[in-house]
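Novice: Quick one: the structure is below, questions incoming.
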Amino acid sequence: MASEDTSPSHSHHRDSIKSSVGNTAANRRRQQAISIGKERREALIRAKRLCRDSIFDDDDNEKGLDEGEMVIDEEQSVLNARTAQTVQELKSSLSYQGKDATQKTIEALRALRKLLSKSEVPPIEAAIQGGAVPLLVQCLSFGSADEQLLEAAWCVTNIAAGGPEETKSLLPALPLLIAHLGEKSSVHVAEQCAWALGNVAGEDMELRSILFAQGALLSLTRLMLSNRESTARTAAWALSNLIKGPDPKAANELIRIEAITDTIVKHLKTADEELVTEVAWVVVYLSALSDKAISILVRSDVVPVLVNRLVGSESLQLLIPVLRSLGNLVAADAYITHSILIVGNDITDQVLYGLIKCLKSEHRVLKKEALWVLSNIAAGTLEHKTLIFSSEAVPLLIDLLSAAPFEIRKEAAYTLGNICVGPTKGSDNKSDIIVTHLVPLVKGGCLPGFVNLVRSADVESARVGLIFLELVMRGYPNGEGPKLVEREDGIDAMERFQFHENQEMRNVANALVDKYFGADYGV
Amino acid sequence: MDSMDSSVASPDLGLELGFPFWVASRRRFKPDDPFFASGNLERELLAKHVALDLTEDERFQLQRMEIADANLFCPIAGCGARLEYLEEFEDHYNTRHMASCSVCFRVYPTSRLLSIHISEVHDSFFQAKVARGFPMYECLVEGCGAKLKSYKSRQRHLIDKHRFPSSFEFYKKAHPSKHQRQKLQRKAYKGGDAKDQESFMDLDAKKESKQTRPKHYRPKQEVKSGTERESEMEVETKLHHPQTTETKVVTNSEAKNEKAKAETEMEVEERIEDIVSGISKLSTVDASSPSSVSFGHRHSRGFAFVPRSVRNQNQISKREQTRKP
């Protein structure tokens, strides 16, 4: 099993489903997590985060109280009934005119909040059906007590962690949430609102657009400047959800904010790996969606800092966005390979080291995405190809090409092929084949892996395999290519395409077989 | 993003549209590209601290939900079988697309194509009907139902109506694999008996009708080394043809198509007459019964009997398609 980083050092989790060890209900929760039903699966995949614990890390009192009812362990129908009732209580407390009105409201909110945060499956729908949303909006009105705002925002946070319909029901609350991000708000309130907005933004593009139009971007960015790590972290996460697109407008707007790059660099250097992780995701989306951002980022300190983290960290959670940011930057702009990752520079060796580390990791995602980055570097200058070729990457590449899961094999194939093909073209308009790389790679046993790709049901992989075989048959010295391919059952693999439904594949495969294994073959 | 989207015009490879030679270029993906799906999933699982609780199986389930691998189908024309995951394809292919002819060992991806092959190539009755002008050449596309009078016109039909590539040949020129060539070599070493040069259908021992052994096949080109001689696979198999009486056919197969070109009209006429007259004495042979059909990888690719009708028409087209580099 993968060894994930559980970061036990930080004092609070955004979403700890496991609360205390030895607690039977916690074990039951664990059980439930293990036997995944469809609804649960969807909840796990969502880019949402349920808030189960207070964001206060210094309120022991609060925690102490909660400890007593850590889990609300009831049947769903009972839970729903209780929720409906609690909403009613909230309603009546809001219409109450007496002097304890605020206190009553806060108590009702707290009760609702606990139902929504301590239950295994929060009764979100029941809360909405019971009419909670307009009440919560009312509770969020300007001038309300901080505690009221906090509890209300917390309730909204967890409602927004639900499905599409449920999240969309929160539209009336959005402008208020954004407003409470302001610098005059209590920092806890602001953070809780940011969390709620993060969940809303995590739903879909439509909601992201609405939030963007309502001005969430600037406010969240400002919050990300906070010195409080948990606040900066939550804001960064919410921001990443806000700009993730596919519409690039938010990303484009973000990079225009002055000092954003400096902020990013500063946070990427901190010790708090969770903060680094969330900020790295912001960089992921900036680099994936905004060409302007790429151009700015590559000329900043971001690249060296990312490389440092790539090399220095062992946390899967952190490595994924760091690796992908680098990947996006390398993929989009030749500037990196040509001006930063110059062969001979220290940073280049570092990157290679970091990527190879990922290749050796047991995590599929790291292997696959590191290969992708490597393949793009291998698409650079001749020096880059030679650098990779002479490194310890090659035996790893051949091994991954042969034995890894399919999607990894494809990336390894791209890398190996790019190593063998030069950046320049000959007079026949075909890329130059680097024979000094091709021959050792073939001798190193890469052919079976390519032939195997040709047999794949995935058209792109089959194509990659075929095109590499063409390189071998055309470029391997002394005309030995075809024989080598045949030895690996290459003819058989290519002839499969005679009845392939894809016309291009048929043509390509037939052309190769005709040319290299035609009538004169074997003479 | 495709790193190989610059096709280069390549007359030497016979592709008008250009061959997609490898070009080393960067590949970029949009953030919602399926390429990133597993990484995104991992992010969410880790953030919820569930990652450790999941078994490999559950992770796999989750990934499938994310990536919706659901649209994976077998790419062999006409199959459309749904594949749960990519690795399944190889098994599926070996089970469903390796119908092989036990007479000449050629492999087809469906049993329908196999049976068409058998009729057209190993069944003398079929040729007799062709000679009489019946449209016998079925369209290869399932469900079309068209029948053409000649191999060439069927070819035309495939290209015109079903957009097959003009390079497609149902009777693909054989590319003898190593096994095949080794077989040829062995035969050659045995000392070429007359049979080695025989190329076409021979009736079996009851050869009264076939007094004259057809003129020795003499290829117009020089005979090359032993490896180039036709192989002979005398296999007695059962070819089942529902409309005829039992026919026993011993088939020899050719290794090279060029040899077919060299056969003269006269010889062919003779042979066809022999065949037609001898029909009543023939029994059909079944080449597709389970006992003799083999599944699994077969590499011998002898070039089977090419009926006169095919050869005549093909002579013109073959001259056009020279494969000299």
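The values are calculated or read from the model by the stated rules, or taken from the named source; none is laboratory data. The shown structure was predicted, so the numbers you read here are calculated from the model rather than taken from an experiment. Ideal geometry is used to build each Cβ from the backbone, glycine not excepted, and the neighbour counts take in all protein chains shown. Quick note on the areas: whole protein, heavy atoms, side chains included, nothing else; ligands and nucleic acids left out. Shrake-Rupley method; radii C 1.70, N 1.55, O 1.52, S 1.80 Å.
Novice: Tell me whether segment A:272-285 contains one or more residues that are within 12 Å of another protein chain (Cβ to nearest Cβ), farther than 30 Å from A:SER209 by Cβ, touching a residue at least 12 places away in the same chain (Cβ under 8 Å) and crowded, with 17+ Cβ neighbours inside 10 Å.
Specialist: Taking every residue of segment A:272-285 in turn, at least one turns out to be within 12 Å of another protein chain (Cβ to nearest Cβ), farther than 30 Å from A:SER209 by Cβ, touching a residue at least 12 places away in the same chain (Cβ under 8 Å) and crowded, with 17+ Cβ neighbours inside 10 Å.
Novice: If you don't mind, there's one more thing I want to ask. For segment A:228-269, which positions are within 23 Å of A:GLN317 (Cβ to Cβ), part of a loop (DSSP other than H, G, I, E, B) and either over 20 Å from the mean Cα position of the chain (by Cα) or modelled with pLDDT of 95 or more (or both)?
Specialist: Across segment A:228-269, the qualifying residues are A:ARG228, A:LYS244, A:LYS269.
The rows are residues; the columns are (1) open to solvent by 30 Å² or more (accessible area, probe 1.4 Å); (2) of a type outside the set (S, T, N, Q).
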{"residue": "A:GLU229", "(1), (2)": "yes, yes"}
{"residue": "A:ARG233", "(1), (2)": "no, yes"}
{"residue": "A:ASN241", "(1), (2)": "no, no"}
{"residue": "A:ALA251", "(1), (2)": "no, yes"}
{"residue": "A:ILE260", "(1), (2)": "no, yes"}
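Novice: Also, quick follow-up: Go through segment A:470-515 and count every residue that is in contact with a Pro (Cβ under 6 Å, 6 or more places away or on another chain), within 24 Å of B:PRO75 (Cα to Cα) and more than 9 Å from chain B (Cβ to nearest Cβ).
Specialist: Counting residues in segment A:470-515 that are in contact with a Pro (Cβ under 6 Å, 6 or more places away or on another chain), within 24 Å of B:PRO75 (Cα to Cα) and more than 9 Å from chain B (Cβ to nearest Cβ) gives 1.
Novice: Let me ask something additional. Please work out which one of (1) touching a residue at least 24 places away in the same chain (Cβ under 8 Å); (2) farther than 23 Å from B:ASP32 by Cα; (3) more than 20 Å from the chain's Cα centre (by Cα) is the condition A:ALA216 fails and give its number.
Specialist: (2)
Novice: Hey, among the residues in segment A:299-345 that are in a helix (DSSP H, G or I) and at pLDDT below 95, which one's most open to solvent (accessible area, probe 1.4 Å)?
Specialist: Looking at the filtered set, the residue picked out is A:HIS338.
Novice: Please work out which residue is nearest to A:SER240 (Cα to Cα), limiting yourself to segment B:45-59 and to residues that are facing another protein chain (nearest Cβ under 7 Å) and part of a helix (DSSP H, G or I).
Specialist: Looking at residues that are facing another protein chain (nearest Cβ under 7 Å) and part of a helix (DSSP H, G or I), I get B:ALA47.
Novice: Follow-up question, since we're still on this one. Take B:ASP91 and tell me if it is surrounded by fewer than 20 Cβ atoms within 10 Å (Cβ to Cβ), modelled with pLDDT under 80 and more than 18 Å from the chain's Cα centre (by Cα).
Specialist: no
Every residue, every condition in (1) modelled with pLDDT under 90; (2) open to solvent by 40 Å² or more (accessible area, probe 1.4 Å); (3) not in a helix (DSSP H, G or I), yes or no:
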residue	(1), (2), (3)
B:SER3	yes, no, yes
B:ARG26	no, yes, yes
B:ARG43	no, no, no
B:MET65	yes, yes, no
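Novice: Filter segment A:322-378 for residues that are touching a Pro at 6+ places or on another chain (Cβ under 8 Å) and within 14 Å of another protein chain (Cβ to nearest Cβ) and give the result.
Specialist: Scanning segment A:322-378 gives a single hit, A:ARG364.
Novice: Right, here's the next one. Residue by residue through segment A:165-184, note down the ones that are of a type outside the set (D, E, K, R) and modelled with pLDDT under 95.
Specialist: If the condition is that a residue be of a type outside the set (D, E, K, R) and modelled with pLDDT under 95, then A:GLY182 is the only one that fits.
Novice: Just give me the residues in segment A:181-215 being assigned to a loop (DSSP other than H, G, I, E, B), under 15 Å from A:ASN241 (Cβ atoms) and charged (D, E, K, R), in sequence order.
Specialist: A:GLU203, A:ASP204
Novice: Go over the candidates A:GLY417, A:GLY444, A:GLY449 one by one and state the one that is at pLDDT 95 or above, open to solvent by 30 Å² or more (accessible area, probe 1.4 Å) and either more than 8 Å from chain B (Cβ to nearest Cβ) or farther than 30 Å from B:ARG96 by Cβ (or both).
Specialist: A:GLY444
Novice: In contact (Cβ under 8 Å) with a residue 24 or more places away in the chain, in a helix (DSSP H, G or I) and touching a strand residue (DSSP E or B) at 6+ places or on another chain (Cβ under 7 Å) - does that describe any residue in segment A:494-501?
Specialist: The answer is no, given that none of the residues of segment A:494-501 is in contact (Cβ under 8 Å) with a residue 24 or more places away in the chain, in a helix (DSSP H, G or I) and touching a strand residue (DSSP E or B) at 6+ places or on another chain (Cβ under 7 Å).
Novice: While we're looking at this one, here's another question. So for segment A:299-311 (the condition being within 19 Å of B:GLU42 (Cα to Cα) and of a type in the set (A, V, I, L, M, F, W, C)), does at least one residue qualify?
Specialist: The answer is yes, given that some residue of segment A:299-311 is within 19 Å of B:GLU42 (Cα to Cα) and of a type in the set (A, V, I, L, M, F, W, C).
Novice: Right, here's the next one. Take A:ARG474 and decide whether it is of a type in the set (Lys, Arg), open to solvent by 20 Å² or more (accessible area, probe 1.4 Å), farther than 23 Å from B:HIS92 by Cβ and touching a residue at least 40 places away in the same chain (Cβ under 8 Å).
Specialist: Against the criterion (of a type in the set (Lys, Arg), open to solvent by 20 Å² or more (accessible area, probe 1.4 Å), farther than 23 Å from B:HIS92 by Cβ and touching a residue at least 40 places away in the same chain (Cβ under 8 Å)), A:ARG474 qualifies.
Novice: Take A:LYS425 and decide whether it is open to solvent by 10 Å² or more (accessible area, probe 1.4 Å) and within 10 Å of chain B (Cβ to nearest Cβ).
Specialist: Values: open to solvent by 10 Å² or more (accessible area, probe 1.4 Å): yes; within 10 Å of chain B (Cβ to nearest Cβ): yes.
Answer is yes for this residue.
Residues are listed down the side, and each one gets a yes or a no for (1) outside any helix (DSSP H, G or I); (2) within 25 Å of A:ARG49 (Cβ to Cβ); (3) open to solvent by less than 60 Å² (accessible area, probe 1.4 Å); (4) of a type in the set (Val, Ile, Thr):
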{"site": "A:SER93", "(1), (2), (3), (4)": "no, no, yes, no"}
{"site": "A:LYS99", "(1), (2), (3), (4)": "yes, no, no, no"}
{"site": "A:THR105", "(1), (2), (3), (4)": "no, no, yes, yes"}
{"site": "A:LEU112", "(1), (2), (3), (4)": "no, yes, yes, no"}
{"site": "A:LEU116", "(1), (2), (3), (4)": "no, yes, yes, no"}
{"site": "A:PRO122", "(1), (2), (3), (4)": "yes, yes, yes, no"}
{"site": "A:ALA127", "(1), (2), (3), (4)": "no, yes, yes, no"}
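Novice: Still on this structure, please answer the following. Quick check on this structure: which one of B:GLY80, B:GLY18, B:GLY14 is at pLDDT below 85, touching a Cys at 6+ places or on another chain (Cβ under 9 Å) and not hydroxyl-bearing (Ser, Thr, Tyr)? Let's see the steps before the verdict.
Specialist: Working: B:GLY18 fails: touching a Cys at 6+ places or on another chain (Cβ under 9 Å); B:GLY14 fails: touching a Cys at 6+ places or on another chain (Cβ under 9 Å).
Exactly one of B:GLY80, B:GLY18, B:GLY14 is at pLDDT below 85, touching a Cys at 6+ places or on another chain (Cβ under 9 Å) and not hydroxyl-bearing (Ser, Thr, Tyr), namely B:GLY80.
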